[in-house]
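Structure, as structure tokens:
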Amino acid sequence: MPKIEVNEKLFFNAIGKKYSYSELEDVFPCAKAELDEKPDMTQSDDERVIKIELNDTNRPDLWSLNGVARQIKLHEGGKTVDYMKIMSNKGNNDYADRVVTVDPELKDIRPYMVAFMIAGKAIDDAMLKDIIQTQEKLCWNFGRKRKSISMGIYRIDQIKFPVSYHSVDPDKTSFVPLQCEAPMTCRQILTEHPKGKDFGWILQDMKKFPLLSDAKDEVLSMAPIINSATLGAVQVGDKDLMVELTGDNIENLILSANIVACDFADQGYEIKPILVKHPYDTGLGKDIMVPYYFQPTTKTTLKAVNKLLGSDFNMDKVVDALTRMGSTVQVNGEEITLSPAPYRNDFLHEVDIIEDVMIGCNVSAFEPRTPQDFTIGRLLPLTEFSRKAKTLMVGLGYQEMIFNYVGSKKDYIDNMLIDGSKVIEIANPMSENYQFIRPEILSSLCRAESGSANAMYPHKIFEIGKVAYLKEDENTGTITRQHLGFLTAAADANFNTLASEVSSLVYFLDHEYTVVESNDPRFITGRQAALMVNGKQAGVFGEVHPQVLENWGITTPCAAGELDLEVLQEQ
């Protein structure tokens, strides 16, 4: 979980109240935080540092001094800045000549950029340290080690607009990076500069690199690696600053920009938008100005709140709790419509609203209750059926495997040659490697086989586990099923041998079945079949398509299959 260090004086000033450390431990839960380490009390209060551990990765707005202070202040009934006044789509359109143009070639390199300006007062040492920490936490955790989000800060009085975000030849373009005194080519920076060694993997396979420069051809930065030593070296005492973020997900960039802008607004800085003109559609238009409010509303009912929390709250209590968490609430009868604060984008379901009600009311205020019902534990019939299938698979010579249920688009869609229309995508993933819910087990088995070339053949592996996919006629729009997947890798792996094993398996599971021709893209046409039980498809098996094997780097023929155990159990 993220950990942050905050200057004690700046932190208490941001809250508007000084707490003892025992009091802090009591109020921290409202920000999903806890006291990690007390400061050195021999130091003065403007030097002391409080270490805080955050217990939630869905709230990047809390990964900063101002974020935690804001949430505590709100929860305790305090007032904060009206952030809607600084949103560019809510009337704050004073950008004058502050314009950035984006090169069309960046669409396939690092396509999106957003930027804004802060002004009004000079940056002090404590605030500069907090800016740097916020930058690192957002870009490392939320931005996937800068791959999806990077952030740069510059002295705007030295920048000549319009600024250009463009692609360059990395071997022919040079500038002086931070911490250096001599120019280096963009390619050299990847191999010789400390930040290039840390983050060069993001750009190393690109033919061209992204560069940010002003109208005088002065370089601001090479995103997402390093700022220039001229315009990108922010120091204590600097007054007007430009903040820019680049990446590959426009909503995450705007959310990050909103978070940083709100943090500066909390400290009394004036926020001014900068117009970024993209030559292609970003999904939110071509011309982007931040801060920008884009969050949709989420709904629930008073009945749903009380049912899930086991409470008896009235509407005023619920509205007060949600307001203390920073949201705006509208009530229509029993229905509650929540508009998140511009720095939050974590409301995906009504349960998220109900969680905020619980936190807003203080978790400690809920009285613990002893369960009143007595039950006897037993295995579900599906579990017993699955165990029987597992025993049969072991008897057929297969070895059981266990895999993650979450993976990447490459694993579940691209490598398996499916269209992906029914694959569930996570709305706010922390990593592209854990972005989709698996719709079948065969991809997991192929992943295991792709790393097993050095093991003695034949390889016979299986897994019994959950899969999930989109289904419109379900209440949630999705369905979760228990599947059995199995794969044989051997020089003589073929449809006929696998068909005999499937026959044995289904026979001992007490079913009669038929097979019909199937057209599954994961298998070779004419060497595959769908398994039918009482007129309903219960699975598919066959010889794995050579393109699938090539996608996974598997060099040995494979025969595989997958059965829906719930269909077999129901029939």
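The values are calculated or read from the model by the stated rules, or taken from the named source; none is laboratory data. Computed from a prediction, not measured in an experiment: that's the story for all the values here. Methodologically, a virtual Cβ is constructed for each residue, glycine included, from the backbone with ideal geometry; neighbour enumeration extends over all protein chains shown. Heavy atoms of the whole protein, side chains included, go into the accessibility calculation; ligands, DNA and RNA do not. Shrake-Rupley method; radii C 1.70, N 1.55, O 1.52, S 1.80 Å.
Which is open to solvent by less than 50 Å² (accessible area, probe 1.4 Å) and among the small types (Gly, Ala, Ser), of 420, 395, 377? Give the steps one after another, and end with the answer.
Numbers: 395 fails: open to solvent by less than 50 Å² (accessible area, probe 1.4 Å); 377 fails: open to solvent by less than 50 Å² (accessible area, probe 1.4 Å).
Of 420, 395, 377, the one residue that is open to solvent by less than 50 Å² (accessible area, probe 1.4 Å) and among the small types (Gly, Ala, Ser) is 420.
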Some residue of region 414-436 being more than 28 Å from residue 251 (Cα to Cα) and of a type in the set (Val, Ile, Thr): no
Residue list for region 387-411, restricted to those being touching a helix residue (DSSP H, G or I) at 6+ places or on another chain (Cβ under 6 Å), part of a helix (DSSP H, G or I) and at pLDDT below 95: 411
Residue list for region 531-571, restricted to those being without any contact (Cβ under 8 Å) to a residue 24 or more places away in the chain and of a type in the set (Val, Ile, Thr): 540
Number of the condition not met by residue 166 [criteria: (1) assigned to a loop (DSSP other than H, G, I, E, B); (2) at pLDDT 95 or above; (3) not hydroxyl-bearing (Ser, Thr, Tyr)]: (1)
Cβ-Cβ under 9 Å pairs, at least 6 apart or on other chains, region 120-147 side closer than 16 Å to residue 244 by Cα and in a loop (DSSP other than H, G, I, E, B), far side among the charged types (D, E, K, R) and open to solvent by 50 Å² or more (accessible area, probe 1.4 Å): 146/198; 147/248; 147/432
Test: residue in region 43-52 that is over 22 Å from residue 139 (Cα atoms), in a helix (DSSP H, G or I) and in contact with a helix residue (DSSP H, G or I) (Cβ under 8 Å, 6 or more places away or on another chain): no
Set 73, 107, 90: member being modelled with pLDDT under 90 and not hydrophobic (A, V, I, L, M, F, W, C): 90
Some residue of region 424-437 being surrounded by fewer than 17 Cβ atoms within 10 Å (Cβ to Cβ), closer than 24 Å to residue 457 by Cβ and in contact (Cβ under 8 Å) with a residue 40 or more places away in the chain: no
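Within region 463-487, can you find the residues that are more than 23 Å from residue 383 (Cα to Cα) and not β-branched (Val, Ile, Thr)?
470, 471, 472, 473, 475, 477 - these are the residues of region 463-487 that are more than 23 Å from residue 383 (Cα to Cα) and not β-branched (Val, Ile, Thr).
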Selection within region 502-523 - touching a residue at least 24 places away in the same chain (Cβ under 8 Å) and either out of contact with any His (no Cβ under 9 Å at 6 or more places or on another chain) or in a helix (DSSP H, G or I) (or both): 502, 504, 505, 506, 508, 509, 511, 513, 518
Odd one out for residue 62, checked against (1) modelled with pLDDT of 90 or more; (2) of a type in the set (A, V, I, L, M, F, W, C); (3) more than 26 Å from residue 142 (Cα to Cα): (3)
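Could you list all residues from region 521-532 that are open to solvent by less than 30 Å² (accessible area, probe 1.4 Å) and of a type outside the set (A, V, I, L, M, F, W, C)?
Selection gives 522, 528.
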Of all residues making up region 196-233, the number that are open to solvent by 60 Å² or more (accessible area, probe 1.4 Å) and either in a helix (DSSP H, G or I) or among the aliphatic types (A, V, I, L, M) (or both): 3
Residue ranges of strands (runs of 3 or more DSSP E) in region 286-364 with at least 3 members touching a Lys or Arg at 6+ places or on another chain (Cβ under 9 Å) and open to solvent by less than 70 Å² (accessible area, probe 1.4 Å): 335-339
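Yes or no, residue by residue, for (1) among the aliphatic types (A, V, I, L, M); (2) over 17 Å from residue 439 (Cα atoms):
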site: 490; (1), (2): yes, yes
site: 495; (1), (2): no, yes
site: 520; (1), (2): no, no
site: 525; (1), (2): no, yes
site: 532; (1), (2): yes, yes
